[in-house]
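K.L.:
Starting off with a structure, shown below.
The values are calculated or read from the model by the stated rules, or taken from the named source; none is laboratory data. Note that this is a predicted model, so its numbers are computed, not measured. Methodologically, a virtual Cβ is constructed for each residue, glycine included, from the backbone with ideal geometry; neighbour enumeration extends over all protein chains shown. To get the accessible areas, we keep the full protein, side chains included, count just its heavy atoms, and leave off ligands, DNA and RNA. Shrake-Rupley method; radii C 1.70, N 1.55, O 1.52, S 1.80 Å.
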Amino acid sequence: MKKRTIAIIGIVLLFLLFSGGDDDSSSTDEWDSMVSDSYDVDRAASMSIYESLAFQGIDDAVVEVTEEHVLVKYDQPPVRSDTDALFIWFYIMGVAAETAPDTDEVIIEMYDGTEELFEVTVQTSDIQDYLDETITLDEFKTKVDVKAVM
C-alpha cells in the first residue's frame, strides 16, 4: 500500500511538472525556452542537454540537436566575471559533445534577453579531443571561434 501511494504521488508530480500551461505572463522574449520543434531535431538528445543545463541553472535556453550540429541558445544568467561565462561555454560544449558525439559542430548563442551577444562555434571532434586529453587547452582554444555579435 505504501509503495502504491508513493507511486501515485510520483505520477502526479510528474504530471504537474510537465503539464505546463499558460501562466498569463506577458513574455516579450523573441524565442521560447526548451527544445526546438523542427522536424529534423533529435528530441531525446536535445532534452537531455536541456535538462543538464537547467540542472546547472541555465533554464532559459533552446536546444536543437540535428545530424549536423548541436545548437544551444541561452539567456546568460548573472555572472560575477567573464570567466564565469567561459565556464558556462565549456560546460555546454562538454555536455553537447558527450550527448551528441556524432554531430559535426557545437554552436552556442549567448543572449541578454532578446539581444544576441556572442556566437561560439567549435567542431565536436575538437571538444572530444580536449576531453580525451589528446590536445592541450591552448590547442583547443585556437580551434574555438568566438564572434561578438553585439
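K.L.:
Which ones in region 64-97 are among the hydrophobic types (A, V, I, L, M, F, W, C), touching a strand residue (DSSP E or B) at 6+ places or on another chain (Cβ under 9 Å) and under 14 Å from Tyr111 (Cβ atoms)?
P.N.:
Leu71, Val72, Ala85, Ile88, Trp89, Ile92
K.L.:
I'd like to know if region 68-90 contains one or more residues that are without any contact (Cβ under 8 Å) to a residue 40 or more places away in the chain, of a type in the set (Val, Ile, Thr) and in contact with a helix residue (DSSP H, G or I) (Cβ under 6 Å, 6 or more places away or on another chain).
P.N.:
Yes, some residue in region 68-90 is without any contact (Cβ under 8 Å) to a residue 40 or more places away in the chain, of a type in the set (Val, Ile, Thr) and in contact with a helix residue (DSSP H, G or I) (Cβ under 6 Å, 6 or more places away or on another chain).
K.L.:
So, one more: Considering only region 109-127, how many residues are farther than 26 Å from Glu139 by Cβ and within 15 Å of the chain's Cα centre (by Cα)?
P.N.:
Number of matching residues: 1.
K.L.:
Just give me the residues in region 100-127 being open to solvent by 50 Å² or more (accessible area, probe 1.4 Å), of a type in the set (S, T, N, Q) and modelled with pLDDT of 90 or more, in sequence order.
P.N.:
The answer is Gln123, Ser125.
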